[in-house]
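Quick notes on the structure that follows.
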Amino acid sequence: MRLARELARDGEGARTLIEVVAEGAASDADARVAARTISSSPLVKTMITGRDPNWGRVLMAAGRSGAALDLERAEVWIGEFCACARGAPTTTPEADISAAMDRDEVQIRIDLGCGEASATAWGCDLTEEYVRINADYTT
């Protein structure tokens, strides 16, 4: 697990390690696919880069993963703040959530509302530096 974290942290041009915890999944497989899909989503990665608390991108990635998702029970946490409960925004000020994203490591936690299984995946943000590094050479 430590090696997986360090590989994600060492992404080219990365500024932020993203830890995604998917819980409340119907199965271990659903938890893993949801966590991995969220952590690798370009929209989630750029959300972290821009410190934009757009929890809808997290729900979109979870839905796209194919994992069972119950919007009536789903929650999205960014850092220590619940940004979304039951598929709707909470009263947590966006500025507080954005400030919680301005760290070297950011945790996104999603409760899929379907069971007891959980999984964790890691990724990194998608910065302009990453794009520059990967656009400046051919293989």
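The values are calculated or read from the model by the stated rules, or taken from the named source; none is laboratory data. Since this is a predicted model, take the numbers as computed values, not measurements. Ideal geometry is used to build each Cβ from the backbone, glycine not excepted, and the neighbour counts take in all protein chains shown. Note: accessible area is taken over every heavy atom of the protein model, side chains too, but ligands, DNA and RNA are not part of it. Shrake-Rupley method; radii C 1.70, N 1.55, O 1.52, S 1.80 Å.
Shown in residue order for segment 97-106 are the 3J(HN,Hα) couplings computed by the Karplus curve 6.51 cos²θ - 1.76 cosθ + 1.60 at θ = phi - 60°: 5, 4, 5, 5, 8, 8, 9, 6, 9, 10 Hz (x for Gly and Pro). Treating only the Cα positions of segment 79-139 as identical point scatterers, give the base-10 log of I(q)/I(0) from the Debye formula at each q in 0.15 Å⁻¹. For segment 79-139, the Cα-only Debye profile gives -0.69. On a per residue basis, segment 1-127 carries 48 Å² of accessible surface, using protein heavy atoms and a 1.4 Å probe.
Check each of the GluC sites (Glu not before Pro) in segment 19-72 and keep only those in coil by DSSP with at most 13 other C-beta atoms within 10 angstrom; list them in order. Passing sites in segment 19-72 are Glu72.
Averaging the sequence gap over all C-alpha pairs within less than 8 Å and six or more residues apart, then dividing by the number of residues, gives segment 72-126 a relative contact order of 39 percent. For the chain, the carbon plus sulfur part of the accessible surface works out to 49%, probe radius 1.4 Å.
Converting the Cα gyration tensor eigenvalues of the chain into ellipsoid dimensions via √(5λ) gives semi-axes, longest first, of 25, 18, 12 Å. Farthest towards the positive end of the charge dipole of the chain, among the residues Gly24, Ala67, Leu43, is the Cα of Ala67, using unit charges on the Cβ of Lys, Arg, Asp and Glu.
For Thr16, the amide hydrogen comes within under 5 Å of the amide hydrogens of Asp125, counting only partners 5 or more places away or on other chains and with H modelled in the peptide plane.
Summing Cβ point charges (Lys, Arg +1; Asp, Glu -1) relative to the Cα centre of the chain gives a dipole of roughly 240 debye.
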